[in-house]
Every structure is written in structure tokens, then in C-alpha cells.
Amino acid sequence: MKQVIYFSMEFLIGRLLVNNMQNLGIYQVAKEGLADFNINIHDLEEKENDAGLGNGGLGRLAACFMDSIASCGYPGHGYTIRYEYGFFRQKIENGKQIEVPDQWLTLGNVWEIRKPKHAVEVSFYGHIEWRQGENGRSYCHLVNAEHIRCVPYDMPVIGYENKITNTLRLWSAEPSSENLPRNKDFHSYLSETRELCHGLYPDDSTEKGKMLRLKQQYLLVSASLQSVLKSYLKENRNFDNLSSRYVFHLNDTHPILAIPELMRILIDEFYYEWDKAWEITTSVFAYTNHTVMAEALEKWPVSYIRTLLPRIYLIIEEINRRFEILVRNSTGQEEKVRSMAIIKDSMVHMTNLAIATCFSVNGVAALHTEILKNEIFSDFYQLMPEKFNNKTNGITHRRWLVFANPELRKLLADCIGEDYICNPNQLTKILENVNNKKMLRGFLDVKKQRKKILADYIYEHNHIKLDVDSIFDIQVKRLHSYKRQLLNIFHVIYLYQRLRADANFKIHPRTFIFGAKAAPSYFFAKKVIELILSVGETINNDPYVSQFIKVVFIENYDVSKAEIIMPAADISEQISTAGKEASGTGNMKFMLNGAITLGTLDGANVEIYNLVGDDNMILFGLKNQEINELRKNHSYNVWNVYNQDNEIKQVIDSLKDGTFGDSNKFNEIYNEIMYKNDEYFVLADFRDYCKAQQKAEEWYKEREQWAKKCLINIGNSGFFSSDRTIGDYAKEIWHLKQISDK
């Protein structure tokens, strides 16, 4: 059957013991059997490490997709690198983030099977020699290359109670057993080989780190394609009909080198003519774009690719030459030829390479896709509109509700049964029960139980005692300027200052919970974490203010912690600058567990809003079009906001007046806001955000109405199941059949 091969630099799969037992339908009998031997299954669960194969939303999405591909009965496999130390483990020391190695393999990985017989070799460096064949045609040979042996480790991806198991293949780099380098001592070669799988996303602030990232990307796609094509040739004489058996999906920009690599294999190893190789290549690749951020649209210096991958560079150069001719002939406009060029300004623009080649290019939320079509890649869209489509992201509702929130599962089972586990659209049955007082009270009880579980975790790890009747207001995601954790903590500072200044000002008790990792080289993001921790230290130790506010930062946020956090949330903070968040998936997990979204009209918040409306979601802030107008007209001046609003001024001044430590401690944050004209419109949205927070408090006080709103969110969350997303991919891009339809 035709299969999807899903290339991704990360798969944030979390722990697998419970997930696998649940999917096999043996969890309950295992739990009872262990209890007979006085073993608590939850204690056993805690022994497993989270797999260090991912970082954030991109990797978690890939993991949800793999779960749904298997659970929906589609044949498909994931390919990535077996990172020895993952991203990093975050520690908080002296009020700052510290990165330490994520030693997730200390006790081994019981789920993987090493398959040395299926190892392949990947080549770096060397130089090109052209040799003439018997037919008079010139053939390319890579001479004096450095070879790396790539050994696969296979992990099962188990479908939900359907006897279908797909594979996640992890590549590990080892020294070549036959082709050792002649111009390098073995110690250096071994050290560089080990570096390849040392960790996810090496620090790219150095040239060495950049080169290592590029090597990782090529290792992944070259080893994977060699493996898949070798398997294909066992049943086929040539690759003419490759697209009838495989579709290669590129998850974001990192695996785009797969395109020239397939061309290299077809032309250099199987002697295809360029045109036929290109026809095959353009029929098998599909690409998902996950960002509108310019810095994330990867581009590599020509010198890097030419040095590291000389043959690959020649192929990219030829793709670029031919594509420029196509654009010139189609548009007659040199500015379009330049804007769409794959190679320009001595850089290789990877996203342009993907769009020029792939038969499908999709965004991951309705707004995001429109921005891609009309703004970021408008020239491509005008030339080849048939390629572009939207596939709104999804999450596996089985992991994020059925397994992570058994209390809510029981409540739903008593109300609507459990058909929704395999058919998430059945969650809409909840909407028939949102006025049932027993159901409303049941939901409030469940939420309180889940808040207590989180509060106990926080007391054990953070030594902060929480009021479970307070509003749990939660923002957990990667730390980035556009995600605006800064807006959130500025609001906390504003409340703190008002409570200190006005004895008559009262609020319903609030618990603000943050969880985030900042990339090791992202200095500003680390400073924001430092500010959150400093504000928390001040507030939590203030005898008066701490009656109303607690601030918690959860160390080393990961999948296992998310499974405790998501079910406990009252308010889901989704407050990115409009037009910057591609989709988000945390917003979906919170919604699924009955939290109210407080957010901007950005990413998949748009689809949430379209489903639940003003009565069940709290919307605030500038819209994408309004922000574009402000930028275009240069009509936003942060100093005007600062000087005209005394309370905003006090919040900003607290960064420099010693309220939260040394007066120079947060200069970088102050400068970023005030001297870079508030690039992400934090102060522009501040007042509207405060109103939204006040509205959330008013809603929360009406307990039954609050419960009704939460249930309406759960009832509409089936759309955001990755089962629906994968169904859309399978039908509209991959053209796969379910195994039961064989």
C-alpha cells in the first residue's frame, strides 16, 4: 500500500508506557495485576524518562500525527535522529535558567530495537569528479568524502485498539566500518561523529554550531531516503512509479535537503536523466510550513553547503537555474525572479526550494495559510496557486483527555458514552447537556480535583501552597518574544502595584502559572524567565498581596508535566502578537480539558473563536490587519503610550527602579520595549488585555455559567483532534487508503 514517510527533526513523544498499554487495551488488567503484587502502576510510570527527541510544539505535533496515523489505520512511518541528550533539561538556579544535559538514555530506551543490518552510509565533504560512461554521458563521483555509518533504531507506534503498529525510526551516527577518513586522525573523526547525535538543535550562534545543524539535517534525510529506496527496490525494478508507493512529507524547513538528495540518488546512483528524476521528485514531496517568522525560514550560506555537500550544492544550483527560467518565462518580471530565487545574496533559501519542488504546500491554521498566500509567499501563490492549501493542526484527544484526565473521561462516559474516543466528532453530544445542573456540578468537581493534583505537584517541587479555589491562569509554551509571556507578567506587575497602592482594590484570588524553556543562546528570552521568577519571588513573599496572587514557574516543562497542567487550567493564555503564531496546539489541549481561551485573533485561536464565539472565549488585542497598518504607516510610538498612561509607565519603570532586584537587572527588557518601539505590540495591547482579564474574573465568579462555557468548549473541541487533521492530509495530500480498506 502507499505509505507516508514523515520527516521531522523532532518527535516529542513523551512517556510511552501508559500510552502504549492504553492503545493495546491492556492498561486496566496490568494495573490490577500489578496491584496484586503491591505495585502501584503510577509509581512504575514515574520510572520512565520523557524521550529527549523533541523541544516544543513542532515535535509534539509530529508525535500526535504519528499516533493518529496509526490509530486511524493509515500506513505511515516517522524518521528522525536518535539524540543522545535531547534538547536540554532546564534547571532554575539563583533565579535564572540553567541548561544541563537531558540524559534521557541513562537507563536505556526499552521501546527501541537496534537494527544494524539496515545501516547505511552518509557522505560529507570531498570533491566532485566527472567521469564519462560507455554511453558518452558524464557521471558525477564524490571523491575523498568523509563517511558516517547510520544505524537505525526502530520504535513501535501503536494504533488505538486496532492491531496496527507503524514505526518511528531513529538514526544513530557511528564511525564507518569500511571507509575511515585518510586526512583526519581517528580521535577527531570519532568526536565529530558523536557530535552528530549529541543533541537537538545545536547552538547556531557559532559557525561550528551552524555546520553541525546542517550535518544533522542531511544525515536525517540521506539515511532515511537510502533506507526507504532500498526497501522499495526489493519489489520494483526502478523508481518510475515511486509516487504510487510513497509520499515524503517534510515537517517544516529542517528536512528540505531531502529534495536534492533524492535527485542525487536518482541521477548519480541509478543514472536517471534530469527531467525524469525531476518528474519523480516533484511527485513525491509535500511540505508543511510552520512559521511566518523570517528567522525561522531557513537559509544557509552557499559556502557551507558547497563545502559540506558539494554534490548537493550543484543540484540545488541547477534546480535554481531552471526555476528562474520558469519564473521569467511565466511572469516576465525580474523582481519576481529575484524574490522567488532559491539562491540569492550568497544564501540558499530552503523554503523557496521546497515551494518550487513540492506538489503540496500547506499552512497549519486558516489565518496562517492566508498570510502565507497573501503576504509571505504571495509571488509563489500567484504563480502556482494549486499547490497551496490549509490543514489546521490537531492533537491526539486520546492522550490529552482520555489518558491524561481520567476524571473528566469518567464524567463524559456517564454523559455521552465513549464513542468519541475513536470518533472525536461525538464530543458534540456534550452540547445537549450543557444546561444539566448535575453535569455542570460534576465538571466543577472534576476541575477542582485536577487543580488539587497540580497544586500538590507545585507544593512538592516549588514549595508554594496554592488555593485551589483561585483562578488557575496558565501560559505554558516555548519562550519567545512573539508569544508575549512579557504581556502576561506585565499584567501581574500591574495587579501587584494596584494591590499595594490601593487598600480598596480587591480581586478574586489568582494563580499565574508559567512553564517555558528559552533557547540557550536566546538571551532576551532568558531575561524574561528571570523577570517572571523575580516577580514571583516578590509577590509570593508579600504577606498582603500573596493573599490575592501567586506566581509559579514550572521548571523543565515537558510532556509529562503538561499532562498534569492542561487538565487543571481555568484560563488558557494564547496571547501572541496577531499574525505571528502559525497555529499553536496548547490552545487545543487546554480547550479539550475545559479551559477558557483568553487570546488574540491569531493562529488556531481563529478557528476556536469561530466554533465557540464571544460568549465562550475572551478575545482581545489588535488584529493582524491592524498591526500591518501600524507598521506600514509607522503610526505606532511606544513612548506615546508610556507617557500618556501612568499605570503602564509604572509597570515599565518597575524594570529599572529596583522593585524586582538590581536596577540594571532588566535593562535588556526595558530597551527591547522602549528603544525598539515595542516590536511585538505588548504595550499597544496592554489595556485591552487588562479588560480581558477582568472579564475572565467576572465570568469565573458565576460558577455554573463558567462550567457551561467550559463544557461548550469541550463539546466543540473534536474539530481539533489530530484524527481529523490526519484524515484531511490522507485524503487531500497523501492519497492514502486505510488499512481496513485494502
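The values are calculated or read from the model by the stated rules, or taken from the named source; none is laboratory data. Remember, predicted model here, so these are calculated numbers, not experimental data. Neighbour counts run over all protein chains shown; Cβ positions are idealised from the backbone, glycine included.
Could you please let me know if M617 is in the same structural domain as K695 (by TED's automatic domain parsing), among the aliphatic types (A, V, I, L, M) and out of contact with any Leu (no Cβ under 6 Å at 6 or more places or on another chain)?
On the way: in the same structural domain as K695 (by TED's automatic domain parsing): yes; among the aliphatic types (A, V, I, L, M): yes; out of contact with any Leu (no Cβ under 6 Å at 6 or more places or on another chain): yes.
Here the answer is yes, as M617 does meet what is asked.
Go through the stretch 161-177 and count every residue that is in contact (Cβ under 8 Å) with a residue 12 or more places away in the chain and part of a loop (DSSP other than H, G, I, E, B).
Within the stretch 161-177, residues that are in contact (Cβ under 8 Å) with a residue 12 or more places away in the chain and part of a loop (DSSP other than H, G, I, E, B) number 5.
Provide a single number: the residues in the stretch 81-116 that are within 15 Å of G14 (Cα to Cα) and in a strand (DSSP E or B).
Within the stretch 81-116, residues that are within 15 Å of G14 (Cα to Cα) and in a strand (DSSP E or B) number 1.
Here is a list: Y287, Y272. Which entry is surrounded by 17 or more Cβ atoms within 10 Å (Cβ to Cβ), in contact with a Cys (Cβ under 7 Å, 6 or more places away or on another chain) and outside any helix (DSSP H, G or I)?
Exactly one residue qualifies, and that residue is Y287.
Return the only residue of R409, R399 being buried (at least 20 other Cβ atoms within 10 Å of the Cβ) and either free of Cβ contacts under 8 Å to residues at least 24 places away in the same chain or not assigned by TED's automatic domain parsing to the domain that holds M263 (or both).
On inspection, the qualifying residue turns out to be R399.
Can V29 be described as in a helix (DSSP H, G or I), over 20 Å from the mean Cα position of the chain (by Cα), of a type in the set (V, I, T) and at pLDDT 95 or above? Full working, then the answer.
On the way: in a helix (DSSP H, G or I): yes; over 20 Å from the mean Cα position of the chain (by Cα): yes; of a type in the set (V, I, T): yes; at pLDDT 95 or above: yes.
Here the answer is yes, as V29 does meet what is asked.
Which helices (runs of 4 or more DSSP H) does the stretch 627-739 wholly contain that include 3 or more residues that are surrounded by 14 or more Cβ atoms within 10 Å (Cβ to Cβ) and among the hydroxyl-bearing types (S, T, Y)? If you could, list the steps in order and put the result at the bottom.
Values: elements: 638-644, 646-653, 667-674, 686-701, 703-715, 722-729.
Once the helices (runs of 4 or more DSSP H) in the stretch 627-739 are filtered for at least 3 residues that are surrounded by 14 or more Cβ atoms within 10 Å (Cβ to Cβ) and among the hydroxyl-bearing types (S, T, Y), what remains is 722-729.
Looking only at the stretch 260-283, decide whether some residue is touching a Ser or Thr at 6+ places or on another chain (Cβ under 6 Å) and either among the basic types (K, R) or within 30 Å of N624 (Cα to Cα) (or both).
No: the stretch 260-283 contains no residue that is touching a Ser or Thr at 6+ places or on another chain (Cβ under 6 Å) and either among the basic types (K, R) or within 30 Å of N624 (Cα to Cα) (or both).
Determine whether the stretch 608-623 contains at least one residue that is among the β-branched types (V, I, T), over 23 Å from the mean Cα position of the chain (by Cα), surrounded by fewer than 24 Cβ atoms within 10 Å (Cβ to Cβ) and under 18 Å from Q485 (Cα atoms).
yes
Given (1) at negative phi; (2) among the small types (G, A, S); (3) part of a loop (DSSP other than H, G, I, E, B); (4) modelled with pLDDT of 95 or more, where does G73 come up short, assuming only one miss?
(1)
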